[in-house]
Amino acid sequence: MIGIVGTVPDDNFPLVHGKIEFSGDKIKINNNFVSINRCTLALMAAALKVSETVKCPEIYGFLVGDTGKGYGSRKLYEFLTKNLSSFDLDILTFHYLQPDVDWHNKILFAIEDMKKRPVLIADAGFMYAAKMSGQALSYDFFTPDAGELAFLADELAPHPFYTRGFILSTDEDLPLLVKRAYKHENAARNLIVKGKTDYIVKNGEILKTLDSPSFDSMEAIGGTGDTITGILTALLGAGFDFTKAGEMSCLCNRIIAELLNPTPATQVAELIDKIPEAMLKILDGKF
Amino acid sequence: MLRFFKKLIKPKKKSADRGIMVFENTSEVIRAEKILKKTGRSISVMGPPPEIRTGCDLVIEFPLIEELELKRELSKSNIFPAQTVPVGSGLLQPVSLFHTKDFGDFIMVRAANMKITISKKDRRIVNISGGGCPDVPYLAEKMTGKTLEESPNPGDIGHTLCGYALQLAYEEILKK
């Protein structure tokens with residue numbers, strides 16, 4: 001089973017967990033219906049769309065309402081520390097959660113108590129906490145964008161907001177940032193660096209780069225990084241090896257852009273709809 | 001057995017998510033402490049590290065991620081920290097570089113990890129991207145589709161450092 005952990009931007013949304021599925025243009029979880037706008041819902045929708053063309057295990061969500069005050073995230077952290085050991089998960093992806101080092105460490109301990117250790121993916125706020133905690137190497141995948149890679153490379157920065165200026169650099173410097181992130185043990189064993197050029201990295205070594213097809217407007221569209229993490233989650237669940245799954249995720253995101261030819265005003269839900277078509281092209285060897 | 005020992009290992013960056021607020025004088029620290037504790041905040045008053053001893057002998061340690069919200073709460077009582085820095089990092093400063101990207105009909109401004117994009121024609125916010133804290137989707141929902149003038153100010157409704165970064169990007173794009 002695939003597990004995805006994250007938040008919904010509504011403080012009144014309860015803590016829920018259960019199988020996720022589409023219901024029209026929304027995601028249904030335990031009789032709650034949530035719009036696919038961006039962030040964790042975009043990630044979940046992307047994973048579900050992949051499962052329409054690739055045989056994946058059931059996708060299970062853990063969601064709570066949180067608008068940034070952190071109350072919901074802490075409630076979810078507490079639930080997971082108490083209950084994770086009762087779930088049988090192959091893949092576990094953590095996403096938009098209030099970064100909190102203490103809770104992060106409790107979650108890692110709870111994972112140690114699971115019967116089988118799932119493949120661990122961290123992105124967004126939970127990746128920030130994982131880096132801050134000094135436990136980045138406990139993860140199989142981080143999926144930063146170029147700016148977040150600079151944060152991982154800055155051994156002192158506790159949040160991307162405090163990344164030091166000399167580390168923020170151009171796309172050409174990304175390989176150096178990859179090295180620096182690994183030097184200070186602030187990167188997971190595998191990285192997908194999402195950007196104008198995507199980098200697939202394993203233990204500090206850049207195995208693959210992808211830069212076409214390329215659409216500048218994707219940078220402006222909220223949620224286009226979340227879709228890559230969602231596609232990756234599903235592909236790993238389907239049994240693809242880490243490097244292949246990483247490469248296919250980045251390629252799929254590029255093909256959906258090519259299919260839609262987006263502008264900076266395009267919304268991520270329009271792109272997500274194109275995932276099955278893009279995935280079929282990849283599986284048919286047309287890319 | 002291995003798991004038992006793992007649980008004995010202390011995380012190596014225990015205070016990595018804490019920040020320090022420095023004030024002009026001690027009485028401000030005491031007032032700030034009173035206000036923040038009254039609202040149930042997880043803060044403590046401490047002595048400052050040597051590199052930020054600027055006359056005040058007390059600082060407030062707080063969860064760094066809540067910087068924006070705490071500052072807003074203090075500003076209601078006209079208390080403004082002289083400086084805010086992460087714990088254990090010397091004098092790290094917030095990202096101050098802005099990147100602007102012109103897409104023709106649209107313009108995007110990035111501050112730290114947050115990006116805001118508007119249509120040049122009517123200054124309508126068409127997308128908000130980046131970030132990782134839970135107020136990002138909330139802010140995006142409240143702001144996208146509105147003009148810069150109609151949009152709520154992210155500094156007023158955001159709560160985290162991502163919200164803070166978006167506020168900086170918003171202020172920058174207002175100048176365009």
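Sort out which residues of the range A:56-91 are within 20 Å of A:A130 (Cα to Cα) and aromatic (F, W, Y), and write them in order of number. The answer is A:F62, A:Y71, A:Y77, A:F79. The residue of the range A:86-102 that is farthest from the other protein chains (Cβ to nearest Cβ), among those that are assigned to a helix (DSSP H, G or I) and at pLDDT below 95, is A:D102. Only one of the listed residues (A:A238, A:A278) is among the hydrophobic types (A, V, I, L, M, F, W, C) and surrounded by fewer than 24 Cβ atoms within 10 Å (Cβ to Cβ). That residue is A:A238. Taken together, the residues in the range B:129-176 that are among the hydrophobic types (A, V, I, L, M, F, W, C), within 21 Å of A:G147 (Cα to Cα) and in contact with a Ser or Thr (Cβ under 6 Å, 6 or more places away or on another chain) amount to 1.
Scanning the range B:92-139 for residues that are more than 22 Å from A:K196 (Cβ to Cβ) and either hydrophobic (A, V, I, L, M, F, W, C) or at pLDDT below 95 (or both) yields B:L92, B:Q93, B:P94, B:S96, B:I125, B:C133, B:P134, B:D135, B:L139. Take A:A187 and tell me if it is surrounded by 24 or more Cβ atoms within 10 Å (Cβ to Cβ), of a type in the set (A, V, I, L, M), within 17 Å of the chain's Cα centre (by Cα) and not in a helix (DSSP H, G or I). Judged against the criteria, A:A187 is a match. Among the criteria (1) at the interface with chain A (Cβ under 9 Å from one of its Cβ atoms); (2) more than 17 Å from A:K69 (Cβ to Cβ), the one B:P137 does not fulfil is (2). Of the residues in the range A:132-147, at least one is under 16 Å from A:G225 (Cα atoms), without any contact (Cβ under 8 Å) to a residue 60 or more places away in the chain and not in a helix (DSSP H, G or I). Restricted to the range A:210-287, the set of helices (runs of 4 or more DSSP H) holding at least 3 residues that are in contact (Cβ under 8 Å) with a residue 24 or more places away in the chain and either touching a Ser or Thr at 6+ places or on another chain (Cβ under 6 Å) or polar (S, T, N, Q) (or both) comprises A:224-237, A:242-260, A:275-283.
Matching residues to (1) among the acidic types (D, E); (2) farther than 27 Å from B:G163 by Cα:
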site: A:Y71; (1), (2): no, no
site: A:F109; (1), (2): no, yes
site: A:D113; (1), (2): yes, yes
site: A:K116; (1), (2): no, yes
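The values are calculated or read from the model by the stated rules, or taken from the named source; none is laboratory data. A quick note: this is a predicted structure, and the numbers were derived from the prediction, not measured. When we count neighbours, we look across all protein chains shown, and the Cβ atoms used for this are built from the backbone with ideal geometry, even at glycine.
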